[in-house]
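**Q** One structure, pasted below without further comment.
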């Protein structure tokens, strides 16, 4: 049977299996100590040297290609305009659901990219710092929608990224504490002209037009490359429950933890509570606001049930 043009399925992405992906990095390798791997790990999410070698070394190699092209373009543009403008940071956005492992991906990439031949300065910020304070959210009755588009100070985040891409020497980002579940007053993270800046958060590829007035500018407009960490929603729920149980035994035990009230839950109660939070808050946010942004990414890391990447999708062209 001959296929007609109408029956051929086209995709803007190239699908690459893990087996193929791990051989694409030209055998670049960097020494990473076991202690570093432990520090890069997040909560109960597994991370092994094999995962770094087979997934993150090739990814860092690909990103280095993009960074090098970005720098050559900047140099050529400077020559064209006969000026010596400052080299601007290459910005990488990392998006994905709650519990998908975005934070680990961001930290591992920061580490591996910083080990490059020229030892670039790689900074990392999370968009959690641009959440509105709890007081603001409570006053508007949306504390239970933390993580939804309306809970972010989008204007401030756009201003931060604009300053970075304008070449401002020192830029400050607000700091968020997961322990107290709120912005830390008067505490800022200083970002000083990095070679590469990684911006991680569930909202980095979202288009929140309701928060803007006048010309529409989006967070992703400032990215030179974007990554989406993807997983089956059933796995995400399971990982979220596991993380909640781990936190119940650790961070929730601290008296100053916002979630200290969950510290004495039984295992069955903690599973029920985590499931309720997921179904009422995280799942609706995933379906409505996060998952639809997946196809806006340049690269998608597809995770299997054990949290390890099983395949990669890369935008063609």
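The values are calculated or read from the model by the stated rules, or taken from the named source; none is laboratory data. Fair warning: this is a prediction, and the values are worked out from it, not measured in the lab. Every residue, glycine as well, gets a Cβ built from its backbone with ideal geometry; the counts of neighbours run over all protein chains shown.
**Q** Scan segment 267-290 and give yes if some residue there is touching a residue at least 12 places away in the same chain (Cβ under 8 Å) and over 28 Å from residue 230 (Cα atoms), otherwise no.
**A** no
**Q** Please go through (1) farther than 18 Å from residue 239 by Cβ; (2) in contact with a helix residue (DSSP H, G or I) (Cβ under 7 Å, 6 or more places away or on another chain); (3) in a strand (DSSP E or B) for residue 310 and return the number of the only condition it doesn't satisfy.
**A** (1)
**Q** Mind checking which residues of segment 167-196 are assigned to a loop (DSSP other than H, G, I, E, B) and without any contact (Cβ under 8 Å) to a residue 24 or more places away in the chain?
**A** Of everything in segment 167-196, just one residue is assigned to a loop (DSSP other than H, G, I, E, B) and without any contact (Cβ under 8 Å) to a residue 24 or more places away in the chain, namely 168.
**Q** Which residues, counting only those in segment 216-251, are assigned to a loop (DSSP other than H, G, I, E, B) and surrounded by fewer than 16 Cβ atoms within 10 Å (Cβ to Cβ)?
**A** Those that are assigned to a loop (DSSP other than H, G, I, E, B) and surrounded by fewer than 16 Cβ atoms within 10 Å (Cβ to Cβ): 216, 217, 232, 250.
**Q** Which number in (1) assigned to a helix (DSSP H, G or I); (2) modelled with pLDDT of 95 or more marks the one condition that residue 37 misses?
**A** Result: residue 37 passes all but (2).
**Q** Quick check on this structure: which one of 133, 46, 31 is within 22 Å of residue 305 (Cβ to Cβ) and surrounded by fewer than 16 Cβ atoms within 10 Å (Cβ to Cβ)?
**A** Numbers: 133 fails: within 22 Å of residue 305 (Cβ to Cβ); 31 fails: within 22 Å of residue 305 (Cβ to Cβ).
After applying the criteria, what remains is 46.
**Q** Do we find that residue 226 is touching a strand residue (DSSP E or B) at 6+ places or on another chain (Cβ under 8 Å) and over 20 Å from residue 292 (Cβ atoms) in this structure?
**A** no
**Q** Assess whether residue 82 counts as being over 17 Å from the mean Cα position of the chain (by Cα) and at positive phi.
**A** Against the criterion (over 17 Å from the mean Cα position of the chain (by Cα) and at positive phi), residue 82 qualifies.
**Q** Scan segment 151-166 for residues that are surrounded by 15 or more Cβ atoms within 10 Å (Cβ to Cβ), part of a helix (DSSP H, G or I) and touching a helix residue (DSSP H, G or I) at 6+ places or on another chain (Cβ under 8 Å) and jot them down.
**A** Correct list: 151, 154, 157, 158, 160, 161, 164, 165.
**Q** Can you tell me which condition residue 283 does not meet? The list is (1) over 23 Å from the mean Cα position of the chain (by Cα); (2) assigned to a helix (DSSP H, G or I); (3) surrounded by 15 or more Cβ atoms within 10 Å (Cβ to Cβ), and all the others hold.
**A** It fails just one condition, (1).
This table checks each residue for (1) in contact (Cβ under 8 Å) with a residue 24 or more places away in the chain; (2) surrounded by 14 or more Cβ atoms within 10 Å (Cβ to Cβ); (3) touching a helix residue (DSSP H, G or I) at 6+ places or on another chain (Cβ under 8 Å); (4) outside any helix (DSSP H, G or I).
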site: 77; (1), (2), (3), (4): no, no, no, no
site: 84; (1), (2), (3), (4): no, no, yes, yes
site: 92; (1), (2), (3), (4): yes, yes, yes, yes
site: 104; (1), (2), (3), (4): yes, yes, yes, no
site: 111; (1), (2), (3), (4): yes, yes, yes, no
site: 117; (1), (2), (3), (4): no, no, no, yes
site: 120; (1), (2), (3), (4): yes, yes, yes, yes
site: 124; (1), (2), (3), (4): yes, yes, yes, yes
site: 137; (1), (2), (3), (4): no, yes, yes, no
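**Q** Can you tell me which residue within segment 139-150, out of those that are in a helix (DSSP H, G or I) and under 21 Å from residue 259 (Cβ atoms), is nearest to the chain's Cα centre (by Cα)?
**A** Per the stated criteria, the residue is 145.
**Q** I've got another one for you. Any idea how many residues of segment 252-270 are in a helix (DSSP H, G or I) and in contact with a helix residue (DSSP H, G or I) (Cβ under 9 Å, 6 or more places away or on another chain)?
**A** Here the count works out to 8.
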